[in-house]
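Asker: Please read through the structure below; I'll follow up with questions.
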Amino acid sequence: MYKHIRNFFALSFLCTAASALALTACDAPDDGASPESQQTLRTPAELGLGDGWVEQEEGLWSRTGADGQEEFVGVGEPGKLHGLASLHAAEEHLALAAEAEGTEEAKARLTEIRALIVDIENAEIVAPSADEPSFRCEAQLTHFALASGAACNSVKADASVIYNNACNSITETIYTYTYATCGVVTTTHSCGPKTGISVGCGSHSYLTSATSACESYAYAASNYYSTWQLNNVKGYCEPPPTPSCGPCQAGFDCHCGEWDGCIPKNQLCE
């Protein structure tokens, strides 16, 4: 930021001293816009997040996953605000749960997510280097954020960020957060901030309930973008299998149990 201020004053001095220059070269950035907002934001595909993303607003992209749930990516400074909005919605959800439970554990969960929000609000957005990656050395950054139904009547949330850079000293600051709620029961997990050239974060939350409505949320973030997903669909429960025995032909019966089917009456059961 200070570098941009120095550059602005240097430009103003040069414009005053060199009257032969066109006035347009001396114009300050429109409306005090930051360099980040003037740059073209990378797309999810350019960030290695695959295809199928649709831009919803500046910095916000979404796509429908294989399970039918919508997943989101927030890119750059405008995308960071969208990611924070999802965290604030999670905070509100936990605040209602804390009010309903009235336990110290519920209050601790609320404190946890509020601390995470403050950390991310204060984190600097750092765009990836524009340099072409070397064929011999390329830093690897992977994001994963999935909230979905799990086993019968269950929901889960998984989030991870892994960064490995053996090329230079460029670091990443990473975070993950998950929660799962069924009725008045909630479980959460957070990781980060972690900063380094070789760092990893992972969070997992899981709950099940045969009667209560359930919800899960996953969030993962690094220097330039964040990914998140919200789910309120529980896992599908397979209907019990239909008994496979009877009626049996002559000389056969179900003496080993109906699930084994019709077997010869003189055959021993395993």
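Asker: Using beta carbons and a limit of 6 Å, which pairs, at least six apart or on different chains, have the first residue in the stretch 155-171 and of a type in the set (Val, Ile, Thr) and the second one assigned to a loop (DSSP other than H, G, I, E, B)?
Answerer: Listed pairs, sorted by first residue: Val155/Lys234; Val161/Ser222; Thr171/Ile197.
Asker: Regarding the stretch 235-249, can at least one residue be identified that is at pLDDT 90 or above, in a strand (DSSP E or B) and closer than 16 Å to His93 by Cβ?
Answerer: no
Asker: I've got another one for you. Consider only pairs whose beta carbons are under 7 Å apart and that are at least six residues apart or on different chains; among these, list those whose first residue lies in the stretch 60-87 and is closer than 24 Å to Gly149 by Cα and whose second residue is modelled with pLDDT under 95 and among the β-branched types (Val, Ile, Thr).
Answerer: Close Cβ pairs (under 7 Å, with a partner that is modelled with pLDDT under 95 and among the β-branched types (Val, Ile, Thr)) amount to Glu70/Thr64.
Asker: Within the stretch 194-213, how many residues are farther than 29 Å from Glu238 by Cα and part of a loop (DSSP other than H, G, I, E, B)?
Answerer: Filtering the stretch 194-213 for residues farther than 29 Å from Glu238 by Cα gives 194-202.
Checking the rest, the ones that are also part of a loop (DSSP other than H, G, I, E, B) come to 197.
Looking only at that region, the number is 1.
Asker: Continuing with the same structure: Within the stretch 195-205, how many residues are over 16 Å from the mean Cα position of the chain (by Cα) and open to solvent by 40 Å² or more (accessible area, probe 1.4 Å)?
Answerer: Selection size over the stretch 195-205: 3.
Asker: Only residues that are among the small types (Gly, Ala, Ser) and either over 27 Å from Thr64 (Cα atoms) or buried (at least 24 other Cβ atoms within 10 Å of the Cβ) (or both): list them for the stretch 158-175, please. I'd like the intermediate steps shown before the answer.
Answerer: Taking the stretch 158-175 and keeping what is among the small types (Gly, Ala, Ser), we get 159-160, 166, 169.
Scanning the stretch 158-175 gives Ala159, Ala166, Ser169.
Asker: Let me ask another. What number of residues in the stretch 158-175 are of a type in the set (A, V, I, L, M) and either in a strand (DSSP E or B) or in contact with a Phe, Trp or Tyr (Cβ under 9 Å, 6 or more places away or on another chain) (or both)?
Answerer: The number of residues fulfilling the criteria is 4.
Asker: Quick check on my filter: what residues within the stretch 47-101 are under 15 Å from the mean Cα position of the chain (by Cα) and open to solvent by 70 Å² or more (accessible area, probe 1.4 Å)?
Answerer: Thr64, Glu70, Leu81, His88 - these are the residues of the stretch 47-101 that are under 15 Å from the mean Cα position of the chain (by Cα) and open to solvent by 70 Å² or more (accessible area, probe 1.4 Å).
Asker: How many residues does the stretch 177-211 contain that are out of contact with any His (no Cβ under 8 Å at 6 or more places or on another chain) and under 27 Å from Ala127 (Cα atoms)? Reasoning before the result, please.
Answerer: The first filter runs over the stretch 177-211 and keeps only residues out of contact with any His (no Cβ under 8 Å at 6 or more places or on another chain), leaving 180, 182-188, 190-202, 206-211.
The next check asks that each one be under 27 Å from Ala127 (Cα atoms); those that pass are 190-202.
Summing the residues that are out of contact with any His (no Cβ under 8 Å at 6 or more places or on another chain) and under 27 Å from Ala127 (Cα atoms) in the stretch 177-211 gives 13.
Asker: Is it true that some residue in the stretch 176-184 is in contact with a Ser or Thr (Cβ under 9 Å, 6 or more places away or on another chain), open to solvent by 20 Å² or more (accessible area, probe 1.4 Å) and either free of Cβ contacts under 8 Å to residues at least 12 places away in the same chain or not in a strand (DSSP E or B) (or both)?
Answerer: yes
Asker: Across the stretch 128-157, which residue is modelled with the highest pLDDT among those that are hydrophobic (A, V, I, L, M, F, W, C), in a loop (DSSP other than H, G, I, E, B) and open to solvent by 60 Å² or more (accessible area, probe 1.4 Å)? Don't jump to the end; show me each part of the working.
Answerer: Of the stretch 128-157, the ones hydrophobic (A, V, I, L, M, F, W, C) are 130, 135, 137, 139, 141, 144-147, 150-152, 155, 157.
Adding the requirement that they be in a loop (DSSP other than H, G, I, E, B) leaves 130, 135, 137, 139, 150-151.
From what's left, open to solvent by 60 Å² or more (accessible area, probe 1.4 Å): 130, 135.
On the way: Ala130: 64, Phe135: 54.
Out of the qualifying residues, it is Ala130.
Asker: If Cys191 satisfies all but one of (1) in contact with a Cys (Cβ under 6 Å, 6 or more places away or on another chain); (2) closer than 25 Å to Ala147 by Cβ; (3) assigned to a loop (DSSP other than H, G, I, E, B), what's the number of the condition it fails?
Answerer: (3)
Asker: Which residue, of Ser226, Ser216, is open to solvent by less than 20 Å² (accessible area, probe 1.4 Å), farther than 16 Å from Leu116 by Cα, touching a residue at least 60 places away in the same chain (Cβ under 8 Å) and part of a strand (DSSP E or B)?
Answerer: That would be Ser216, the only listed residue that is open to solvent by less than 20 Å² (accessible area, probe 1.4 Å), farther than 16 Å from Leu116 by Cα, touching a residue at least 60 places away in the same chain (Cβ under 8 Å) and part of a strand (DSSP E or B).
Asker: What number of residues within the stretch 102-114 are open to solvent by 30 Å² or more (accessible area, probe 1.4 Å) and within 20 Å of Tyr225 (Cα to Cα)?
Answerer: Residues meeting the conditions: 1.
The values are calculated or read from the model by the stated rules, or taken from the named source; none is laboratory data. Here the structure is a predicted model, which is why all the values come from computation and not from measurement. With ideal geometry, Cβ positions are generated from the backbone for all residues, glycine too; neighbour counts draw on all protein chains shown. The protein model used for the area step is the full one, side chains on, heavy atoms only, and it has no ligands, DNA or RNA in it. Shrake-Rupley method; radii C 1.70, N 1.55, O 1.52, S 1.80 Å.
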